[in-house]
Each structure stands twice: as C-alpha cells, then as structure tokens.
Amino acid sequence: MRSFILSLALPLANAFTINVASSGGNATSGKQYGFLHEDINNSGDGGIYAELIRNRAFQYSDSYPLSLDGWRPVGNAKLNTSRLDEPLSDALPVSVNVSPRKCTPRGNAAGNGNIGLLNEGYWGMAVEEKTYTGSFWVFGGYEGVFTAELRSDLEEDVVFGSVEIESEAQEGKWVEHTFELVPESNAPNSNNTFALTFDPAGLTDGSLDFNLISLFPPTYKNRKNGLRVDIAEALAQLHPSMLRFPGGNMLEGETNKTYWDWKDTLGPLKDRPGFPGVWGYQQTHGLGLVEYLEWAQDMELDIVIGVWAGLALNGDITPKDELQPFIDDALDQIEFICGPADSTWGSVRASLGHPDPWPLHYVEVGNEDWLAGGPEGWESYQEYRFPMFMEAIREAYPDITVISSGATSDGYDIPAPGIGDYHPYREPDALVEEFDMFDNNPVGHIIGEVAATHPNGGIGWDGDLMPFPWWIGSVGEAVSMIGYERNADRIPATYYAPVLRSMDRWQWAVTLVQFAADPKLTTRSCSWYIWELFAAHPMTHTLPAEGELDPLFYVSGTNQDKQSFIWKAAVYNTTNHADVPVSLSFEDVEPGTKATLTVLTNIEGDPYAYNDPHEGNNIVGSTVTTVEAGDDGAFEFELPELSVALLDTAQEDLQTRDRLDAREPSKSWRA
C-alpha cells in the first residue's frame, strides 16, 4: 500500500492548490445517493426477497408456461399440476396434486413410507440454526401429520431440522397450515432442499393438492414477507438515502397489457397473480408495493416511485384518448402511498396495516421513454403523455416533484416545474469527460441510473459488459458522482443501477453487490466501497472552490448539521502515473484544525482488477489518517493515481479515528 505524506512542514511542489470559500454555495437535498431496484438478475425473487421456495405457487403467463420447475417427488409420490374447480384463488388457479404411485422410483425414497414433494430453492438454500417460518395450503381430506424438513440434497439425505404439523385438512376446502422450523445444526454448504411429506395411509380421497408453499428465514428488521438479511444489510451499510422503484424495464412490461401493475401486488400472497418479468423469468409479486415501501421505511429512504406511462418495451403506445385511465391509476397509487387514511386508497393502505401515510416527494412518469417505441414513442411522451401526467399529478399534489423519464440531453425541453432523469452507462473515460455536463444546465435532473459498464477503448454495447465493477471503472464513477454533487442544488440524488446480481442467473453483470444462496458468497464490489464512502458524508451545502482540475476532480462543501467541512475527490490519471500533491484550504478553518482523510486505492495495482465472489478477494485498500492544517491553514497531502479520497473535519469522525488509533497501532487497514 502506498504511504501518504501528511501535514508537511514545507509546501508541496506543483501542488493542486484549492481554496474553498465559506459561503456562496448552494443547498443540496442532503440525500445525494441511493439505488434503483427492479427484479433483474433474480435480485428480487431468489435475491433480496427472502422467500426460499422457488415456484411456490405455480404462477405462469404467456411468456413463461406453467411448470413444476424447482419441484421433485419424495418417496412413492407422483406430482401433477392441477386446475381444481375450486382453486386457492382467482390469482393462483393452479396447484400441485400429490398422489402415491403404485411402485417406488429409484433415488427418491422418503425412508419412512411418507410421500410428498421437495423444493430445490433458488439454486440451493442456506440452512442455519435459526427459526424458519413456513406455511402451505392444502385441499383434500387427510388425517395425520405433515412433516416439514430442511435437508441436504436427496443424494446425501441429511436432515438438518424437521417439524411435524398436525393436519387440519378437509375434503372440498382449502386450509392453510403454518409452522416454525429450527434446524439442529448448520449445513456445511447451501446444497440443500426443503421437503414436505405425509403418510398416504391418512388420505381420505387418494391425493392432496398443495399451493403457496412458503418458507422464510429470519428477515431484515423481522418483517413478515420481508428481505434477506445479508443482502439488505449490504445495501443498508451503503448509507443510502434514496430508493427508486419499480424500475426500470420492469415498470414498462413487455406489452401494454403486461406492465407492472401495483394493484396486483397488494394484499395476501394468495391474491397476487405474479408478473411476466421482462428479464427472462416469471415473478411472484411477493415483493410488492407495500414491501418496497416497508423496505424504504426500514432503511429510512426517500423514494422515487415510477408510474406506468402508456409505453411498453415492445413499442406499444397508448393513444392520447385512451391515456386518462392510466393517469387515474397513477393518482390512485400516489393516494395509496401518501393519502390520508380516510381517503379511498389511503383506507386500503390502512387496512393492510399502515394507517400512517408514507412520505412521497418524487414521482417519475415512465422509464426511458426515449428508448422503447422508437421516435414515435418519444414524440408521444413529449407531445402528450408526460404533460398530461404532470398536470394531473401537480394539480392533486403540488408539493410532489414530477420527473420526466428522459433528460435534456435526450433532446427534451422539459416543461417546468418538471425535472429530468439521466442514465449514463459508460466507459470510465466517458464518465470523466462528462464531469462538467450539468455545470450550466438550469434544468434539474436525477441521475436515475449510472455505472461504468464497458472498458475504455472497447466496442461498447456491441460487446459484453465487464464481468464485475472494476477499479478504473469505479474511479470513473467517482469522478461522475463528484460532478453531479457539484450541482447538487439541481441534482437531488444519484442512483446506482442495477444494484444486485445472482451469481446463478443474471442478465446484467455489473452491480454493486453479488450474491448466491450461501450468504458467505455475498460480495461487495469495489464500486460499493466508493459509494459507501461518499454517501456516509452528505453535504447540506456545496461551497465554491478555486483551483485547477484534471487529473484531480473534487467537490467541496459543508454539513451544517455537524458543523463540518467536507471535500470529496478522485484522481483519474491514466497517462501520468505520478502521485498528485494537494494543498487544500477552507476559508474558516484555522491553523491546527484536524480532519479525517480517507483514501481508497487498489491494492493489486491492476486497473482492471475486481472483487470476485468466486475468489473471495477484496482489491480495495483504505487508509484513514488524521491530518492537521498547517500554519497557513492548508491541509497538505498526496494522492496516488486512480484513488478516491474524502476529507471531513467533523469531530465525531475524529473521535472515531482516535478510538481506532487506540485499538490498532497501524493507521492502515484493508477494507
């Protein structure tokens, strides 16, 4: 790791001299960083949504035919999909029928005469000595007990925990059964399954139908139907302040009849039909509107809610004379989120256990309407779709900021008081070139999606994305983030996207966090560490600074709540590999003032290195040091090439640094 020259007695030769004024800046939103979530990469089902059972309710669509994917028979069992005259619900019309065979196939004996079904989970299941909560619905008569088990794959046939559930099943009626299951030991890996079995001798009519078979581990904040703990914690530790949902392409849907309908996501799970996802798999709707709002509540996030705007991914465009019902639907959705409990949709929210409104300050109309539908789609958005939505939303909710799904750079003269949404997926060099893009743009924007995705000098979208966020790409992101934060009076927030990736099935490789069934494989990318550092130090106001730029890029400001000065910087010098000397002065900082300087570097040196979940490595090195302003009031230090830095004079940061110094002799640590 490089050493850092701090509090030098002599001025640094050829230093970047930066003088920061104490006034004259702009107020920020105070909420600069967050992320977008849509269900891509199995980031919802099989990801942050903690349900362990895959294909739990046999949901299907025209895009994804009905199947028994994820299920296998146990013992002398035969499995068939079934459409009963009395289904569990209109939303879930298909169940699985389990009946005994006349002979026992090899390799699936239950060992005790029981029969049933086994689920493989989302590429396995982690099993720990914790309390799992489960439920299932049964149709048909049965006297006896059901046995629920967490076990290894059938080839190993190790049972880690089981519980017996007394049958309440009745002929001609659907009956829900609930249970808790506590394994007696931790499984050595995630190659595990869940089995539900019963004694066929207790059947009164030859078979049973099952539906909505569910199993949850403990969830984040102990929410029912909640989030997977390790993934949620990886996101919460980013210090985010904003959540944008439900997308993304997921919001648009493939056709004008299959978009993400928020009303279908409300209420009991048995009343949610699911959704033909746009990323290669059927979705359960388990992670619905309420669950997203609870997610935001538990992480103390403001939200940007996307409302469907009459354009689908296949190019379907809703004509002007047919648009009003969808505007009304958006107003219903807004009322559900933030309306009083005695309003039409506020009362529905209250009936679902949330009488108090959720705060809502931002509504985005559509998603990337400049992309789907060709020129006609974008023209219709500018001509009537966005103006009609914005007028209706502003009339009903004048305090809500309405966001266009396109930016001024997309050729849209966004009508006031609307703001835009910019989505730069770029090579790192391109992100750096756009550093000052918003310096003279009077129109507000969110950066609704951003990431370095392709290597410099490559073939861009004609080639593959990088396999993971990589160091020079992450530093390029830091430069762009600094550029956005310099304009934080008009850019209220910046969102990484997409944020999560299953290592078992993905469509988009570059994400902040990667995961698998085994929590030990949950990996924070090198970009994660940069976003975490910047988000942990929010500015309430930017401050003017005089000084040169390139290869050092920076933003200066203050956090008035903490009475501190903050400086965020990145060094992007791809040609000159020398360290960059810095002399940094704040107008109201006296000589002898102390600050905490955090510098992130790549400990492997290769600019294309990345954190690989398969390797368990971490290329990000962090050095945290206390620096002191010299006799002239300047903090002086050097920054290595391709590094990211943050200086903060907050006293609580210094106290934390002092505690670390007392505990650890070294001031260098590996993140």
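The values are calculated or read from the model by the stated rules, or taken from the named source; none is laboratory data. Keep in mind that what you see is a predicted model, and the values were worked out from it rather than measured. Please note: Cβ atoms are built from the backbone with ideal geometry, for glycine as well, and neighbour counts cover all protein chains shown. Surface areas here come from the heavy atoms of the whole protein model, side chains and all, with no ligands, DNA or RNA. Shrake-Rupley method; radii C 1.70, N 1.55, O 1.52, S 1.80 Å.
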Positions within the range 309-352 being in a loop (DSSP other than H, G, I, E, B), closer than 24 Å to residue 249 by Cβ and either free of Cβ contacts under 8 Å to residues at least 24 places away in the same chain or open to solvent by less than 20 Å² (accessible area, probe 1.4 Å) (or both), in sequence order: 309, 310, 312, 318, 319, 323
Which number in (1) closer than 30 Å to residue 166 by Cβ; (2) charged (D, E, K, R); (3) touching an Asp or Glu at 6+ places or on another chain (Cβ under 6 Å) marks the one condition that residue 271 misses? (3)
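This table checks each residue for (1) part of a helix (DSSP H, G or I); (2) crowded, with 21+ Cβ neighbours inside 10 Å; (3) of a type in the set (D, E, K, R).
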| position | (1), (2), (3) |
| --- | --- |
| 514 | no, yes, no |
| 530 | yes, yes, no |
| 539 | no, yes, no |
| 568 | no, yes, yes |
| 595 | no, yes, no |
| 614 | no, no, no |
| 617 | no, no, no |
Just to check your reading of the model, which residue among 644, 624, 589 is of a type in the set (A, V, I, L, M), open to solvent by 10 Å² or more (accessible area, probe 1.4 Å) and touching a helix residue (DSSP H, G or I) at 6+ places or on another chain (Cβ under 8 Å)? 624
Just to check your reading of the model, which residue among 293, 287 is closer than 25 Å to residue 31 by Cβ, in a loop (DSSP other than H, G, I, E, B) and out of contact with any Pro (no Cβ under 6 Å at 6 or more places or on another chain)? 287
Can you pull out the residues in the range 353-367 that are under 18 Å from residue 246 (Cβ atoms), out of contact with any helix residue (DSSP H, G or I) (no Cβ under 8 Å at 6 or more places or on another chain) and in a loop (DSSP other than H, G, I, E, B)? 361
Could you tell me how many of the residues in the range 603-612 are in contact with a strand residue (DSSP E or B) (Cβ under 7 Å, 6 or more places away or on another chain) and either under 30 Å from residue 635 (Cα atoms) or assigned to a loop (DSSP other than H, G, I, E, B) (or both)? 4
Go through (1) in contact with a Gly (Cβ under 7 Å, 6 or more places away or on another chain); (2) within 24 Å of residue 261 (Cβ to Cβ); (3) open to solvent by less than 30 Å² (accessible area, probe 1.4 Å) for residue 58 and report which single condition fails. (1)
Only residues that are within 35 Å of the chain's Cα centre (by Cα) and either exposed (fewer than 12 other Cβ atoms within 10 Å of the Cβ) or part of a loop (DSSP other than H, G, I, E, B) (or both): list them for the range 157-188, please. 158, 178, 180, 182, 183, 184, 185, 186, 187, 188
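Residue-wise test of (1) surrounded by 16 or more Cβ atoms within 10 Å (Cβ to Cβ); (2) in a loop (DSSP other than H, G, I, E, B); (3) touching a helix residue (DSSP H, G or I) at 6+ places or on another chain (Cβ under 9 Å).
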residue	(1), (2), (3)
52	yes, yes, no
63	no, yes, no
68	no, yes, no
73	yes, no, no
81	no, no, no
Please specify each residue of the range 286-307 satisfying the condition of being under 18 Å from residue 263 (Cα atoms), in contact with a strand residue (DSSP E or B) (Cβ under 9 Å, 6 or more places away or on another chain) and open to solvent by 10 Å² or more (accessible area, probe 1.4 Å). 287, 291, 294
Residue 270: in contact with a Leu (Cβ under 8 Å, 6 or more places away or on another chain), open to solvent by 20 Å² or more (accessible area, probe 1.4 Å) and touching a residue at least 12 places away in the same chain (Cβ under 8 Å), yes or no? yes
